[in-house]
Amino acid sequence: MPSAKQLEWYKREIVAFFHFGINTFGDEVNEGDGKASPAIFNPTGLDCGQWMKTLKRAGIPCGILVAKHADGFCNWPTAYSQYSVKNSPWKKGKGDVVREFTNACKVAGIKAGIYLGPHDRHEPTYGPIWEIWWDGAGADFLTTDFYTRWAAIIHKAQPQCVFFGTKNSYPFADCRWVGNESGRSGDPCWSTIAPTSIRDESAHIEELNHGQLDGSAYVPAEVDVSIRPSWFYHASEDHRVKSVKELIDIYCESVGRNSVLLLNFPPDRTGLVPATDAKNAAGLHNWIRRTFAHNLLRGAKITSQHPRGSEFSASNLVDGREETYYASADGSNSDTIEFHLPKPKTFDCLMIQEVIQLGHRTTSWSVEYSNDGSTWIPVPNATDKQTIGHKWIIRFSPLTASHLRLKLSGRAPAAIHTFGIYKQP
Ligand code: OTN
């Protein structure tokens, strides 16, 4: 079952990633060797408020800043290292990117998150640092004991903090790596997984991508992908910003596959999110807003085979309310719900949400349509589906129908929050 903070994390849907640091000022550097001089760190117009505007326009409620990447350069004036902003020309060494970022988040009402890489190519030792996004890259030598100490500090200081855990940090993982950096969750994609799959990731990329229905831990996938080819900014990639169409595909194959999308925005050498990146992210937001604004099943007469009772009425599926849902009767692990519309509707997308508080119950589902209420035709791409979870989205060529049928079966009576059909703009 998801914990309260996992529920909060799911509701974010999209989280922004900001890779910004000394690598931004080196040509084509993504994994600095820790030798670059702090003298090159000098953003001429850093404005975290502009980053926040990008997020607001894109409807993104949360941002994670890289405070320290593998090169070891600290974006805040730490007392534990000379390799930081305090020895850079930026603001004559008086600047603090982490503070500016968290302040801007507070002002904008954006949830702040911190990436703090344990891999450090500059300092020979590790100070008492604490972590939120535990990147597995280069961290193979870190033991679970090490993470256990960090986790104790974080649990005490920031009890609401979600842990992205991999490899030896697997016991602390609230969410997992999806097994790729291309923005794609598997189909199916279960929130549950066997902990060994997270611990021994290279042998279990498929399991990370799909989850494991019989897994003992609830650790859903967080899909990290950059809006550009690299994690850090390079002018040479200015023409390779992902298009709105590419971002829509990524959204549908991450958020629309029971996952949360961690979308990276690399600020440039002036310290700003480039205009194209901001514009395309806003384009994605527009598509999401417009597509899902109108559930075309509203107004349908809805019947089901095994209703649980009035509190869990099938009309709850289309009421757009957070608190209500449809449930099947005890003993009925299969059910069919029919939607009869007063007149035919044209649609090219469907979306379904399970009541994730109650765990994965439905494990098999299909959708069919009909124009006479007796001959049923499968909706393309919507047969023999497995996962529902927080959200599942399916797109297809436009169809026109006046009757829809949702067939469900699983390990327990179904608990479905939302079912809708939509027309993309
Ligand atoms: O070379 N790599 O380290 C690498 C190349 C391609 C894709 C991933 C990785 S590392 C991988 O990164 C993930 C985040 O994207 C997680 O942190 C994994 O634990 C880590 O092994």
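The values are calculated or read from the model by the stated rules, or taken from the named source; none is laboratory data. All of these numbers come straight from a predicted model, not from anything done at the bench. Note that we place each Cβ from the backbone using ideal geometry, even for glycine, and neighbour counts take in every protein chain shown. The accessibility values were calculated without ligands, DNA or RNA, using every heavy atom of the protein model including side chains. Shrake-Rupley method; radii C 1.70, N 1.55, O 1.52, S 1.80 Å.
A viscosity of 1.002 mPa s and a temperature of 20 °C, combined with the Kirkwood radius over Cα pairs in Stokes-Einstein, give a translational diffusion coefficient for segment 301-422 of 150 µm²/s.
Computed on the chain, with alpha-carbon pairs under 8 angstrom and 6+ residues apart, the relative contact order is 15 percent. Using a cut-off of 29 Å between Cα atoms, the listed pairs 111/385; 53/91; 345/391 include 111/385 as exceeding that distance. Other residues lying with their Cβ under 12 Å from the Cβ of residue 234 contribute a combined charge of -2, Lys and Arg counting +1, Asp and Glu -1. Counted over the chain, the DSSP beta bridges are approximately 65% antiparallel. Taken over the C-alpha atoms, the chain has Rg and Dmax values of 23.1, 76 angstrom. The residues of the chain present an accessible area of 41 Å² per residue when probed at 1.4 Å with all protein chains retained.
Between their Cα atoms, which of 68/92; 11/156; 106/279; 68/245 are more than 27 Å away from each other? The pairs that break the limit, which is 27 Å between Cα atoms, are 68/245.
Loop-located trypsin sites (Lys or Arg not before Pro) in segment 67-101 (DSSP state not H, G, I, E or B) with no more than 14 neighbouring Cβ atoms inside 10 Å: 94. Taking Cβ atoms as reference points and 13 Å as the exclusive limit, the residues near residue 52 contribute a net charge of +3, counting Lys and Arg as +1 and Asp and Glu as -1. Assuming charge only on the beta carbon of Lys and Arg (+1) and of Asp and Glu (-1), the dipole of the chain about its Cα centre is about 1400 debye to the nearest 20. Can you work out the FRET efficiency for the pair residue 383 and residue 143, with r the C-beta to C-beta distance and R0 = 51 Å, to the nearest 0.05? It comes out at approximately 0.65.
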